[in-house]
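Colleague: Take this structure first; my questions come after.
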Amino acid sequence: MRIYLDNCCYNRPYDDQSYLNVSLETQAKLQVQEEIRMGKHDLVWSAIEDYENMQNPFEIRRDAIAQWRSLAVTVQMADDSVVQNAKAIMQKGIKNKDALHIASAIAARCETFLTVDRKLLRTPIDGIKILSPIDFLNYEEEADE
């Protein structure tokens, strides 16, 4: 399965783990990443991932996240079709960077877009399944039954 993790998903382990939902999402995200390492899923990266990660003021976090680029099966560039699709996605009230992430995932033929952003999780987008890491693991488990 081709999957895309957005920037807030990559950064989840650096959030305050004293909140149960944050801790659970972190553990689920780490499990998904282990499955990527094992070859169970194909990771997609994008130009907007590069851009947004470079904005991270914490060098250690930025470098740790950037290492995932080398495991990606493809890096989706923000070409005209991605930008046009992002503009259409923004019509649903999605912010520009988030729309570019989603449009990149769609252009790279990802089945699933992983995020911990509550607004994105509540907004259906044609062409891709948007799930939290927890919901993704549950979805996988159900598919295996």
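Colleague: Compare Glu59, Glu49, Glu111 in a GNM of the chain, Cα atoms joined below 10 Å, and give the one with the largest fluctuation.
Modeller: Result for the chain, Cα springs under 10 Å: Glu59 fluctuates most.
Colleague: Kindly count the pairs of lysines across the chain whose alpha carbons are less than 13 Å apart, treating pairs on different chains or eight or more residues apart as eligible.
Modeller: Working: Lys87/Lys95; Lys87/Lys97; Lys92/Lys119; Lys95/Lys119.
Number of lysine pairs found: 4.
Colleague: What accessible area, in Å² to the nearest ten, does a 1.4 Å probe give for Lys97?
Modeller: 80 Å²
Colleague: Further question: Might you work out the accessible area of Tyr51 for me, using a 1.4 Å probe with all protein chains in place, and round it to the nearest 10 Å²?
Modeller: 120 Å²
Colleague: Ok, one more. What is the extension gain from Ser70 to Leu20, computed as 0.36 nm multiplied by their sequence separation minus the C-alpha to C-alpha distance, in nm to one decimal?
Modeller: Details: separation 50, 0.36 × 50 = 18.00 nm, distance 3.09 nm.
Roughly 14.9 nm would be gained on extension.
Colleague: Two decimals is fine: what's Rg over Rh for the range 1-45, C-alpha atoms, Kirkwood radius as Rh?
Modeller: 1.01
Colleague: Give the ranking of Ser132, Ser81, Ser70 by solvent-accessible surface, highest area first, calculated with a 1.4 Å probe.
Modeller: Working: Ser132 10, Ser81 75, Ser70 100 Å².
Result of the area sort, largest leading: Ser70, Ser81, Ser132.
Colleague: Karplus couplings for the range 134-139 from phi (6.51 cos²θ - 1.76 cosθ + 1.60, θ = phi - 60°), rounded to Hz, Gly and Pro as x?
Modeller: Once θ is set to phi - 60°, the couplings for the range 134-139 become 5, 5, 5, 5, 5, 4 Hz.
Colleague: Can you show me the helix-derived [θ] at 222 nm for the chain, built from DSSP H runs with n ≥ 4 at -39,500 (n - 2.57) apiece and divided by the number of residues, rounded to the nearest 500.
Modeller: Using -39500 (n - 2.57) per qualifying helix, the result is -15500 deg cm²/dmol.
Colleague: Report relative contact order for the range 55-145 in percent, whole number only (criteria: Cα-Cα under 8 Å, sequence separation at least 6). Before the final figure, lay out each step's value.
Modeller: Numbers: 64 pairs, mean separation 17.6, N = 91.
With pairs under 8 Å counted, the relative contact order is 19 percent.
Colleague: Suppose we keep just the alpha-carbon trace of the range 1-83; what are its Rg and Dmax in angstrom?
Modeller: In Å, with Rg to one decimal and Dmax whole: 13.3, 42.
Colleague: Obtain the radius of gyration and the Kirkwood radius of the chain from its C-alpha atoms and give Rg over Rh.
Modeller: Radius of gyration relative to Kirkwood radius: 0.94.
Colleague: If you don't mind, there's one more thing I want to ask. Quick one: length gained pulling Glu34 to Ile60 fully straight, 0.36 nm per residue minus the C-alpha distance?
Modeller: So the extension gain works out to 7.4 nm.
Colleague: How would Trp45, Trp68 line up by accessible area, probe 1.4 Å, largest first? Walk me through the numbers on the way to the answer.
Modeller: Working: Trp45 0, Trp68 25 Å².
Largest to smallest exposure gives the sequence Trp68, Trp45.
Colleague: Between Arg109 and Asp144, what is 0.36 nm times their sequence separation minus the Cα-Cα distance? Round to one decimal in nm.
Modeller: Numbers: separation 35, 0.36 × 35 = 12.60 nm, distance 2.18 nm.
Stretched fully, the Arg109-Asp144 segment lengthens by 10.4 nm.
The values are calculated or read from the model by the stated rules, or taken from the named source; none is laboratory data. Given the structure is predicted, the values throughout are model-derived calculations rather than measurements. With ligands, DNA and RNA removed, areas are computed over all heavy atoms of the protein, side chains included. Shrake-Rupley method; radii C 1.70, N 1.55, O 1.52, S 1.80 Å.
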